[in-house]
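The values are calculated or read from the model by the stated rules, or taken from the named source; none is laboratory data. Keep in mind the model is a prediction, meaning the values are calculated, not measured. A quick note on method: Cβ atoms are made from the backbone with ideal geometry, for glycine too, and the neighbour counts reach across all protein chains shown. In case anyone asks, the SASA skips ligands and DNA or RNA and just uses the protein heavy atoms, side chains included. Shrake-Rupley method; radii C 1.70, N 1.55, O 1.52, S 1.80 Å.
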Amino acid sequence: MVTSNVDGQFQKAGFPEDRILEVHGSIHHLQCTAPCSLNIWSNRESIPVDTDTMRARSIPRCMSCKGVARPNILMFGDYGWISARTDRQEGRFEEFLDSARLKPMVVIEMGAGTAIPTIRHLSEHLLKERRHPCPHKSP
Ligand SMILES: [Zn+2]
């Protein structure tokens, strides 16, 4: 399962954690805003809100430097995102692709648009690779 969603819905729906690639990270994990380290940890925060001011009474803190923590998700122009978790997921996805290299492939693309075409580009790349798996056979 490859998704650009960051909401953890595939885990919630019961897909095994080790078969999911979240290309833009996950809101269910936190990292330091600085970042002071490459640590990524589970987001177990609940943020109390002052309903009179609609302001957070506390914000998540980095487990190392106690600075502000943030969701481990890739934003536009984001140079502070720690990609280690997604990198590991990509490694498992590559292993899956290698194991299925000679088998027929079906790509089911749901809700993948052209505004942010990350998923669509991956699907098209996989299908092109299947059509021309060996560079010597490419037209
Ligand atoms: Zn920190």
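Here is the list for region 64-116: chymotrypsin sites (Phe, Trp or Tyr not before Pro) lying in DSSP coil, each with at most 14 other C-beta atoms within 10 angstrom of its C-beta, are 76, 79.
With respect to the chain, whose longest principal axis is taken over its alpha-carbon atoms, helix 84-99 is tilted by about 20°. Ellipticity at 222 nm from helices only: DSSP H runs of n ≥ 4 in the chain, each -39500 (n - 2.57), divided by the residue count, give -7500 deg cm²/dmol. Averaging 1/r over each pair of different alpha-carbon atoms in the chain and inverting the result gives 17.4 Å, the Kirkwood hydrodynamic radius. Between 0 and 90 degrees, the angle of helix 118-131 with respect to the longest Cα principal axis of the chain falls at about 20 degrees.
Largest accessible area first, the residues 32, 65 order themselves as 65, 32 under a 1.4 Å probe with ligands, DNA and RNA left out. Taking Lys and Arg as +1 and Asp and Glu as -1, the other residues whose beta-carbon sits under 12 Å from that of residue 91 total -3. Here's the picture: a label point sits 7 Å out from the Cα of residue 12 along the beta-carbon direction, and within region 18-47 the residues with their amide nitrogen under 13 Å of it are 27-28. Amide H contacts for residue 29 (H built 1.01 Å from N in the peptide plane; partners 5 or more residues away or on another chain; cut-off under 5 Å): 43, 72.
The loop-placed trypsin sites (Lys or Arg not before Pro) in region 1-90, going by DSSP, that have at most 11 neighbouring Cβ atoms within 10 Å of their Cβ come out as 44, 57, 66.
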